[in-house]
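**Q** Mind looking over this structure? Questions follow.
Nothing in this text is a laboratory measurement; each read-out follows from the coordinates by a stated rule. Source: prediction; values computed, not measured. Here the Cβ positions follow ideal geometry from the backbone for every residue, glycine too, while neighbour counts run over all protein chains shown.
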Amino acid sequence: MKLQKLSILSFKNISQAELEFSSGINCFTGSNGAGKTNLIDSIHYLSMCKSSLSVTDTQSLRHGADFFMLQGDYSSDGGRHESVTCSFKHSGGKKVKRNGKEYEKLSDHIGVVPVVLVSPADVFLVNEAADERRRWLNAFISQLDKHYLAILIRYNNVLAQRNRLLKQLSESGGGNELMEILDDQLIMLGTSINRTRADYIERLRPLTAEYYSFIAEDREQVEITYRSELNDRLFEEILKSNRQKDLVCQFTTSGIHRDDIVMKIGGFPLKKYGSQGQQKSFLIALKLAQHRIIAEQTGEQPLLLLDDLFDKLDVNRLERLIALTGKGDFGQIFISDCNRSRLISVFDACGVKYSLFDIEDGDVTVTQKAEEA
Ligand SMILES: Nc1ncnc2c1ncn2[C@@H]1O[C@H](COP(=O)(O)OP(=O)(O)O)[C@@H](O)[C@H]1O
Ligand SMILES: [Mg+2]
């Protein structure tokens, strides 16, 4: 997939922009706070119907404006043209249109324009609790598998019902037929989610290791594995044996909502034993693995967004990353960095062409087109 044109109106600090992109590498440079991340985020928004930062739509609305609008013109690798519009109004809420037609459900848009984002915020995946990793995994699989997203939404609904019921039962006591019905649904949905997650992590595992060793030239082996109670025991058994505990706790203490992805380097937890540079390289490798799987499965190269390229990477690793992605194997790429001259020197050292955009206070201007480079 290639983003050919992007229009922005009143999105964060960008009041207005009309941009045309190269089908290869596009770089955004500008000082801190200029709007680089906001620009990258607008591209993410058009794919995922939401900001990649944990902000509400209202917070993405430029101060003082009462609506924002993003529009992207894409050409798919299969030659299709796609036009996507996302708009948000204070009063009227959010609307997403594909080729002029409004979606009834935003979730139907996920996957139409696949995207993979690498950003400094990714360290959450290493440092934070398991729900961050599950959120990432869910977003990844949802771009590929509509069925998965639908099942996940149903699972969460049933889980919420079951938790409400546990509260009622623990207050009023006694057994309940409804509980059996909910358990049956939870088992069916949870087991399906467990299988799908296991399958994707199994595919991510060798690719992540391969990209890591290329970028980091590290002797340390990295590994990701899927941790789930459902890997070892039937969900039915787990729910049964935890019924009393659930009643006491008043919520469902087991299930795929407790899953995790375990990340290791040299056999030890990445969070504790990986240096910042190793963690960053790991995360980039994981995202490139994700990119490759999406491309293989859909035949569409996702847009690759690399926000703050130099974040925690030394020049050697960076050059290997550019050497890897700059050959075209990763499709269209959007890169941001605050230091223009070091960015240019890395590209020149790697001999790749790129378009260059300067951002200042939310104003974006094109300073070099890849074709003319
Ligand atoms: N809703 C908004 N309206 C106007 N400005 C905003 C809004 N949200 C964020 N900003 C501004 O955007 C700037 C940050 O832009 P960002 O893209 O993160 O910069 P960087 O170029 O460093 O990545 C800050 O100055 C912030 O005040
Ligand atoms: Mg930034």
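**Q** At E237 and R80, where each label point lies 7 Å from the Cα along Cα→Cβ, what is the point-to-point distance in nanometres?
**A** Simple spin-label model gives 4.4 nm for this pair.
**Q** Place a label point 7 angstrom from the Cα of R135 along the Cα-to-Cβ direction, then list the residues of region 224-239 whose backbone nitrogen is under 20 Å away.
**A** 227
**Q** Taking every pair of alpha-carbon atoms in the chain, give the share separated by more than 32 Å as a whole percent. Write down the numbers at each step before the final one.
**A** Values: 26751 of 69378 pairs.
Result: 39 percent of Cα pairs exceed 32 Å.
**Q** Running a GNM on the chain with Cα contacts under 10 Å, which residue among Q143, Q168, Q290 ends up with the highest mean-square fluctuation?
**A** Q168
**Q** Still on this structure: For L234, L309, which order do you get if you count the other beta carbons within 10 Å of each Cβ and list the fewest first?
**A** On the way: L234 11, L309 22.
Fewest-to-most ranking of L234, L309: L234, L309.
**Q** Same structure, new question: At a 10 angstrom cut-off on C-beta neighbours, averaged per residue, how do the peptides 335-345, 255-265 rank from highest to lowest? Walk me through the intermediate numbers first.
**A** Working: 335-345: 17.7, 255-265: 19.5.
Per-residue mean Cβ counts within 10 Å order the peptides as 255-265, 335-345.
**Q** Would you mind getting me the FRET efficiency between E20 and K94? Use the beta-carbon distance for r and R0 = 35 Å, nearest 0.05. All intermediate terms of the calculation are to be shown ahead of the outcome.
**A** Numbers: r = 26 Å, r/R0 = 0.74.
Efficiency for this residue pair is about 0.85.
**Q** Which far-off residues, 5 or more places away or on another chain, put their amide H under 5 Å from the one on K369, with H placed in the peptide plane?
**A** Under 5 Å from the amide H of K369 lie the amide H atoms of L356, each far enough along the sequence or on another chain.
**Q** Antiparallel as a % of all DSSP beta bridges within region 267-373, to the nearest 5? Let's see the in-between values first.
**A** Numbers: 5 of 8 bridges.
If we restrict to bridges inside region 267-373, about 60 percent are antiparallel.
**Q** So what is the relative contact order of the chain, in percent, for Cα pairs below 8 Å that sit 6 or more residues apart? Mind showing how you got there, number by number?
**A** Numbers: 675 pairs, mean separation 96.6, N = 373.
So the answer I get is 26 percent.
**Q** Now for a separate question. Using only the alpha-carbon atoms of region 95-141 as identical scatterers, what base-10 log of I(q)/I(0) does the Debye formula give at q = 0.15, 0.18, 0.30, 0.31 Å⁻¹?
**A** At q = 0.15, 0.18, 0.30, 0.31 Å⁻¹ the computed log10 ratios are -0.54, -0.69, -1.10, -1.13.
**Q** Still on this structure: Which value results for Rg/Rh of region 125-297 when Rg is the Cα radius of gyration and Rh the Kirkwood radius based on the inverse mean 1/r?
**A** Details: Rg = 18.4 Å, Rh = 17.5 Å.
Here Rg/Rh amounts to 1.05.
**Q** Now, a different point. So what is the calculated 222 nm ellipticity per residue for the chain, using -39500 (n - 2.57) for each DSSP H run with n of 4 or more, over all residues, to the nearest 500 deg cm²/dmol?
**A** Values: 12 runs with 167 residues, N = 373.
Counting only the DSSP helices, I get -14500 deg cm²/dmol.
**Q** With a cut-off of 8 Å between alpha carbons and a minimum separation of six or more residues, what is the relative contact order of region 1-143 in percent? Walk me through the numbers on the way to the answer.
**A** Working: 216 pairs, mean separation 31.8, N = 143.
That works out to 22 percent.
**Q** Are any of the pairs K12/K101; K5/K101; K36/K312; K240/K264 more than 29 Å apart by Cα-Cα distance, and if so, which?
**A** Values: K12/K101 25 Å; K5/K101 19 Å; K36/K312 18 Å; K240/K264 32 Å.
In this structure, K240/K264 lie more than 29 Å apart at Cα.
**Q** Compute the distance from the alpha-carbon center of region 30-104 to that of region 129-204, in whole Å.
**A** Comparing the Cα centres of region 30-104 and region 129-204, I get a distance of 29 Å.
**Q** Oh, and also: Using the Karplus curve 6.51 cos²θ - 1.76 cosθ + 1.60 with θ = phi - 60°, what ³J(HN,Hα) values do you get for each residue of region 66-80, in whole Hz, with x for Gly and Pro?
**A** Result, rounded to whole Hz: 10, 8, 10, 9, 10, 9, x, 10, 10, 10, 7, 5, x, x, 6.
**Q** Then there's this: Provide the FRET efficiency to the nearest 0.05 for the A160-H63 pair, computing r from the beta carbons and using R0 = 45 Å. Walk me through the intermediate numbers first.
**A** Numbers: r = 35 Å, r/R0 = 0.78.
Given R0 = 45 Å and the Cβ-Cβ separation, E is 0.80.
**Q** I've got another one for you. Out of the trypsin sites (Lys or Arg not before Pro) in region 27-125, which ones are loop residues according to DSSP with at most 13 other C-beta atoms within 10 Å? Provide the component values of the computation, followed by the final result.
**A** On the way: sites: K36, K50, R62, R80, K89, K94, K95, K97, R98, K101, K105; in loops: K50, R62, R80, K105.
Those that pass, being in a loop and sparsely packed, are R80, K105.
**Q** Same structure again: What is the spin-label model distance, in nm, from S54 to E210 if the labels are put 7 Å beyond Cα along the C-beta direction?
**A** About 3.4 nm, to one decimal.
**Q** Using the 10 angstrom Cβ neighbour count as an exposure proxy, how do L61, L239 rank, fewest first?
**A** Numbers: L61 19, L239 22.
In order of increasing Cβ crowding within 10 Å: L61, L239.
**Q** A further question on this structure: Of L288, L207, L356, how do they rank once you tally other Cβ atoms within 10 Å and put the fewest first? Mind dumping the intermediate values first?
**A** On the way: L288 25, L207 19, L356 22.
With the sparsest Cβ surroundings first, the list reads L207, L356, L288.
**Q** Calculate, in nm to one decimal, what K353 and E296 gain on full extension: separation in residues at 0.36 nm each, minus their alpha carbon distance. Let's see the in-between values first.
**A** Working: separation 57, 0.36 × 57 = 20.52 nm, distance 2.51 nm.
Contour length minus Cα-Cα distance gives 18.0 nm.
**Q** In the neighborhood of R80, defined by Cβ-to-Cβ distances under 13 Å, what is the net charge if each Lys or Arg adds +1 and each Asp or Glu adds -1?
**A** Details: positive: K2, R98; negative: D73, D77, E82, E300.
The answer is -2.
**Q** Moving to a separate point now. Given the Cα atoms of region 118-221, and with Rh set as the inverse mean 1/r over their pairs in the Kirkwood sense, what is Rg to Rh to two decimals? Walk me through the intermediate numbers first.
**A** Working: Rg = 18.7 Å, Rh = 16.5 Å.
That ratio equals 1.13.
**Q** Magnitude of the Cβ-charge dipole of region 1-153, K/R +1 and D/E -1, about the Cα centre, nearest 20 debye? Don't jump to the answer; show the numbers that get you there.
**A** On the way: 18 positive and 16 negative charges, 48 e Å.
The dipole magnitude comes to about 240 debye.
**Q** Taking every DSSP beta bridge with both residues inside the chain, roughly what % is antiparallel (nearest 5)? Display every interim value, and only then the final one.
**A** Details: 44 of 61 bridges.
Beta bridges within the chain, antiparallel portion: roughly 70 percent.
**Q** Separation between the A121 and K101 pseudo-spin-labels, each 7 Å from Cα along Cα→Cβ, expressed in nm?
**A** Between A121 and K101, the simple spin-label model gives 3.1 nm.
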